[in-house]
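Worksheet for the structure shown next.
What follows draws every value from the coordinates through simple rules; no lab data is involved. Note that the coordinates shown come from a computational prediction; the quantities given were computed from them, not determined experimentally. Glycine gets a Cβ as well: all are built from the backbone with ideal geometry, and neighbour counts include every protein chain shown.
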Amino acid sequence: MVQLNLSNNNLEPYSGKVIGKALPFNTHLAFFDLSNNRLGNEGIDAILKPIARQKFAVMQGIASSKLKMKMRKLRFNNNGHDMEIFKLVKAIMIASNDIFIEIDNK
């Protein structure tokens, strides 16, 4: 599976934790839409942290680039998050020029 749309599914923070645990094992998913849910900062953070860890590990030569996620675009619009989550989004996008994270300020 290369593309997954889970928008408008009333996903809550716990769903983000489950998704975050599964993402590192998926090396094919490139486009993931999680817009219009209720993930909040906690759920979005749980999804982004494994991506950030893997990106930084590959950059530092700690992890093989063959095992890395192929994630290219993530959408988190309208998820009940606040401005605090933008710090993590910014860090990932600065560190990695091969991923785009779409997130609004709502």
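Pairs with C-alpha atoms separated by more than 18 Å, drawn from the list LYS49/LYS70; LYS21/LYS49; LYS17/LYS90, are LYS17/LYS90. Overall size of the chain from C-alpha positions, given as principal axis extents largest first: 36, 28, 20 Å. Rounded to the nearest 10 degrees, the inclination of helix 85-95 to the longest alpha-carbon principal axis of the chain is 20 degrees.
Full extension of the chain segment joining GLU42 with ALA22 gains 5.6 nm, where the gain is 0.36 nm per residue of separation less the Cα-Cα distance. Given the Cα-Cα distance of TYR14 and GLN60 and 0.36 nm per residue of separation, how much length would full extension add, in nm? Gain on extension, TYR14 to GLN60, equals 13.5 nm.
About the centre of its Cα atoms, the chain shows a dipole size close to 420 debye [charges on the beta carbon of Lys, Arg (+1) and Asp, Glu (-1) only; nearest 20 debye].
The helix-only estimate of mean residue ellipticity at 222 nm for the chain, built from DSSP H runs of length n ≥ 4 each weighted as -39500 (n - 2.57), is -12500 deg cm²/dmol after division by the residue total. Once C-alpha pairs closer than 8 Å and six or more residues apart are averaged by separation and normalised to the residue number of the range 3-102, the relative contact order reads 32 percent. Taking a virtual spin label 7 Å from the Cα of GLU102 along the C-beta vector, which residues in the range 21-46 bring their backbone nitrogen under 16 Å of it? From the range 21-46, the list is 30-37.
Within straight-line reach of LYS87, meaning a Cα separation under 12 Å, sit the following aspartates and glutamates at least 8 residues removed in sequence or on another chain: ASP45. Under the combined filter of DSSP loop state and at most 16 neighbouring Cβ atoms within 10 Å, the chain retains these GluC sites (Glu not before Pro): GLU84.
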